[in-house]
Amino acid sequence: MLSSRTLLNKQTLTLLSRQPVALVHGDHGNGGNIAVVLSGCGWWDGTDVHEGVYTMYHLSRNGARFQMFAPNQQQMNVMDHMKKQPMSGDNRNVMLESSRFSHGQGQMQMHDLNKLDVNSFDGVIFPGGHGIVKNLSSFVKDGKDCKLHGDVERVLKDFHRSRKPIGLSSMAPVLACRVLPSIEVTMGHERDENSRWGNWPYTNMVQAVKNMGARHHVHEPFEAFVDEKNKVVSTPSFMWETEFHYHYIFDGIGNMVKHVMRLANK
Ligand SMILES: *[C@@H]1O[C@H](CO)[C@@H](O)[C@H](O)[C@H]1NC(C)=O
């Protein structure tokens, strides 16, 4: 019987013995090129740190390449993440804050959202966080009638029209539901029932996407929902507030990323 190991040359085998996990699971960037759109850095005023990091971790683990994008403009506000209140006198730029996610690669990795061209990518992912409702859209002010940042609207419509997948976590579905007709998404539970290790404080957003014309499906934080027709993949993430069960969110984002990559390679 020919095992896959016998097909590997000696040099690869030496590497494999040193770094088994990366070589067995990773695909060295052959799994497509995915754009990740960020909106700052931190749950209360930008992209949630966990959602952003887990997204890029799972892209890497499953063998995709990725680049980060964010709008080059002022943030609505800067939040004190301990007091959960705006900090006065602190102004920050969304793209510079988002570049905190790029590991020391600076301008190699982070780009102005106005440069995101659908023809250069196989899919796009928007991790959640309040940057979605404060700066990628006017949802905090206008709810279901919100306006989208011009480049966000352009990117969503371009990827949808080109039949390329769109991945969304936590509150990011509000963006897609506002500009893409009759899509189907999940933002978790529809009522704030205390589930075992957390609760659902953002159910008003589920109502909002329904009012925008989307169909909502109830799912758990470790699951992703796929609208195969529209190639839109969503996962509840931090719509579920949990003290420390972050691994559920990690797994849900992993499922979302894998479906985005599957649809990107169709
Ligand atoms: C983002 O924040 C800036 C600064 O407060 C604001 O001018 C802009 O309207 C916000 N973007 C959207 C789409 O609401």
Within the stretch 163-192, trypsin sites (Lys or Arg not before Pro) in DSSP loop having at most 15 other beta-carbon neighbours inside 10 Å: Arg163, Arg191
Extension gain, Trp197 back to Arg92 (0.36 nm per residue minus Cα-Cα distance, nm): 34.4 nm
Loop sites in the stretch 55-107: trypsin sites (Lys or Arg not before Pro), DSSP, at most 14 other Cβ within 10 Å: Lys83, Lys84
The chain: antiparallel DSSP beta bridges as a percent of all, rounded to 5: 35 percent
27 Å Cα-Cα threshold exceeded, pairs from Lys83/Lys115; Lys157/Lys258; Lys83/Lys141; Lys83/Lys147; Lys83/Lys258: Lys83/Lys115; Lys83/Lys147; Lys83/Lys258
Extension gain, Asn204 back to Asp145 (0.36 nm per residue minus Cα-Cα distance, nm): 19.9 nm
Along the chain, longest interval not containing exposed GluC sites (Glu not before Pro), exposed being DSSP loop plus at most 16 other Cβ atoms within 10 Å: 1-189
Given 13 as the ceiling on other Cβ atoms within 10 Å, longest exposed-site-free region of the chain for chymotrypsin sites (Phe, Trp or Tyr not before Pro) in DSSP loops: 1-196
Gly188 long-range amide H proximity, modeled H, under 5 Å: His219
Cα centroid separation, the stretch 37-107 to the stretch 198-259 (Å): 20 Å
Distance (nanometres) between label positions extended 7 Å along Cα→Cβ at Glu220 and Tyr246: 2.1 nm
Under 20 Å from the Glu190 label point (7 Å along Cα→beta-carbon), backbone N, the stretch 197-221: 199-221
The stretch 130-262: relative contact order in percent, alpha carbon pairs under 8 Å with at least 6 residues between: 25 percent
Extension reserve of the His81-Asn119 stretch, reckoned as 0.36 nm per residue once the Cα distance is removed: 9.9 nm
Calculated P(r) tail over 28 Å for the chain, as whole % of Cα pairs: 33 percent
Relative contact order (%) - criterion: Cα under 8 Å, at least six apart; region: the stretch 71-204: 19 percent
Cα long-axis angle, helix 150-161 against the chain (0 to 90 degrees, to the nearest 10): 50 degrees
Normalised contact order of the stretch 31-264, rounded percent, pairs of Cα under 8 Å and 6 or more residues apart: 20 percent
Which of Val53, Val257, Val36, Val118 has the fewest Cβ neighbours within 10 Å, and the rest in rising order: Val53, Val118, Val36, Val257
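No lab work stands behind these numbers, since they all come straight from the coordinates. All of these numbers come straight from a predicted model, not from anything done at the bench. Neighbour counts run over all protein chains shown; Cβ positions are idealised from the backbone, glycine included.
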